[in-house]
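Enquirer: Here's a structure for you.
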Amino acid sequence: MSYDFSGKIAFVTGGTRGIGKSITEKLLSCNASVIIAYNTSQKDADAMCRMAGADGKKLSALKCNIADASEVTAAIEFIENNFGRLDFLVNNAGITKDGLVLRMNDEQWLDVINTDLNGVFYCTRSALKLMLKQKYGRIVSISSVVGMTGNAGQANYAAAKAGVIGFSKSVAREMGRKNILINVVAPGYIETDMVSGIPEDMKSRMLETIPVGRYGTTYDVASVVCFLLSEDAGYINGAVIDVNGGMY
Ligand code: NDP
């Protein structure tokens with residue numbers, strides 16, 4: 001499905017790789033202007049901007065560690081000063097630092113909570129200030145099936161991803177009357193760098209739990225995100241859309 005997002009300004013966190021990169025490419029193909037946030041992948045971000053520019057697409061990149069509230073504030077100020085508005089926020093950036101809870105240290109816990117949950121709060125809070133002024137906004141946050149099922153070895157990640165759901169449902173209730181809609185996409189197992197370290201035997205056991213018999217692609221997620229940003233989804237608010245092949 002293609003949409004016409006001409007004139008729309010989108011901010012995608014973690015747009016340099018994996019799911020965020022696909023979301024960015026799909027938004028660009030629908031003629032949105034996209035700003036991506038990266039933390040460490042400056043080279044990837046620069047390469048994406050060069051390629052998009054050569055194709056006549058409007059892509060910019062910002063160094064913005066979403067776990068740092070002041071960097072997020074600065075990024076949204078940059079967007080306001082340079083683009084004048086912000087229509088779409090996609091809270092995509094996330095990390096994992098897995099370990100069984102008895103062996104999980106404070107750093108593993110805090111790094112994941114700070115990025116995957118606090119980052120969503122910082123970006124949403126800052127973006128809302130702009131969206132309220134223009135009386136329009138669409139926010140999609142990427143949670144995970146693990147935020148609903150839990151997963152041994154991922155208590156920190158599951159807590160953060162469950163938190164994203166509760167947070168988004170609450171903000172959806174606060175903002176619905178302001179023409180700002182907030183929804184969540186909860187992917188299952190999507191082949192990206194994030195899951196590349198999972199041992200093969202564990203991967204094949206996981207495959208058996210997926211009714212459609214395949215892992216998800218980044219495009220599977222990007223297409224649902226763009227639907228939620230579009231006017232076709234204008235009456236969807238506070239929803240969690242599973243993109244997991246039926247595994248949950
Ligand atoms: P990747 O590891 O492939 O990419 C992560 C992206 O997030 C990178 O662009 C990275 O940029 C960025 N990022 C990480 N930390 C920060 C930070 N502190 N500030 C700004 N950017 C940051 O991940 P995926 O594409 O697999 O995952 C995307 C989202 O989807 C995540 O929220 C993840 O939890 C979720 N998800 C993924 C699933 C999967 O199976 N892959 C399943 C369910 C949910 P940089 O390199 O610059 O740090």
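Enquirer: Among 193-203, 234-244, 132-142, 36-46, how do they line up by average Cβ neighbours within 10 Å per residue, starting with the highest?
Expert: In descending order of packing, they fall as 132-142, 36-46, 234-244, 193-203.
Enquirer: With θ set to phi - 60°, apply the Karplus curve 6.51 cos²θ - 1.76 cosθ + 1.60 along the stretch 50-55 and write out the HN-Hα couplings as whole Hz, x wherever there is a Gly or Pro.
Expert: Calculated HN-Hα couplings, in order: 4, 5, 5, x, 5, 8 Hz.
Enquirer: Does the chain classify as rounded, prolate or oblate by the C-alpha gyration tensor (a ≥ b ≥ c root eigenvalues; a/c under 1.5 gives rounded; else a/b over b/c gives prolate, otherwise oblate)?
Expert: rounded
Enquirer: Which of the listed residues, LEU102, SER196, ALA32, is farthest toward the dipole's positive end in the chain, when Lys, Arg count +1 and Asp, Glu count -1 at the beta-carbon?
Expert: It is ALA32, whose Cα lies furthest towards the positive end.
Enquirer: Right, another one. Under the 0.36 nm per residue contour assumption, what length would be gained going from the current alpha-carbon distance of ASP44 and ASP232 to full extension?
Expert: That works out to 64.5 nm of additional length.
Enquirer: Residues of the stretch 118-155 with the amide nitrogen closer than 16 Å to a label point 7 Å from the Cα of ALA239, along Cα-to-Cβ, please.
Expert: 138-143
Enquirer: Go ahead and set up a Gaussian network model of the chain, Cα springs under 10 Å, then flag whichever of SER60, SER170, SER29 fluctuates most.
Expert: Sorting by GNM fluctuation, first place goes to SER170.
Enquirer: Right, here's the next one. Expressed as an acute angle from 0 to 90° and rounded to the nearest 10, what is the orientation of the C-alpha long axis of helix 69-83 relative to the principal long axis of the chain?
Expert: The two axes meet at around 40 degrees.
Enquirer: Using 0.36 nm per residue, how much length does the chain from ARG177 to ASN81 gain when fully extended, once their Cα-Cα distance is taken away?
Expert: This chain segment gains 31.9 nm when fully extended.
Enquirer: Taking a virtual spin label 7 Å from the Cα of MET51 along the C-beta vector, which residues in the stretch 222-243 bring their backbone nitrogen under 19 Å of it?
Expert: 222-223
Enquirer: Please report, in debye to the nearest 20, how large the charge dipole of the chain is about its Cα centre when each Lys and Arg carries +1 at its beta carbon and each Asp and Glu carries -1 there.
Expert: Roughly 700 debye, rounded to the nearest 20.
Enquirer: Taking 30 Å as R0, compute the FRET efficiency from the Cβ-Cβ separation of LYS133 and MET194 and round it to 0.05.
Expert: 0.30
Enquirer: At a 10 angstrom cut-off on C-beta neighbours, averaged per residue, how do the peptides 174-182, 101-109 rank from highest to lowest?
Expert: For the peptides 174-182, 101-109, the packing ranking is 174-182, 101-109.
Enquirer: Which value at 222 nm does the chain reach when only helices count, each DSSP H run of 4 or more adding -39,500 (n - 2.57), with the total divided by all residues and rounded to the nearest 500 deg cm²/dmol?
Expert: -13500 deg cm²/dmol
Enquirer: Let me ask you something else. Please get the size of the charge dipole for the stretch 100-233, origin at its Cα centre, with Cβ charges of +1 on Lys and Arg and -1 on Asp and Glu, quoted in debye to the nearest 20.
Expert: Using only the charged Cβ atoms, the result is roughly 840 debye.
Enquirer: Sticking with this one: So, with +1 on the Cβ of K and R and -1 on the Cβ of D and E, and no other charges, what is the size of the charge dipole of the stretch 25-100 about its Cα centre, to the nearest 20 debye?
Expert: Using Cβ point charges on Lys, Arg, Asp and Glu, the stretch 25-100 gives about 200 debye.
Throughout, read-outs are computed from the coordinates displayed, never taken from laboratory work. All values derive from a computational prediction rather than experimental measurement. Note that we place each Cβ from the backbone using ideal geometry, even for glycine, and neighbour counts take in every protein chain shown.
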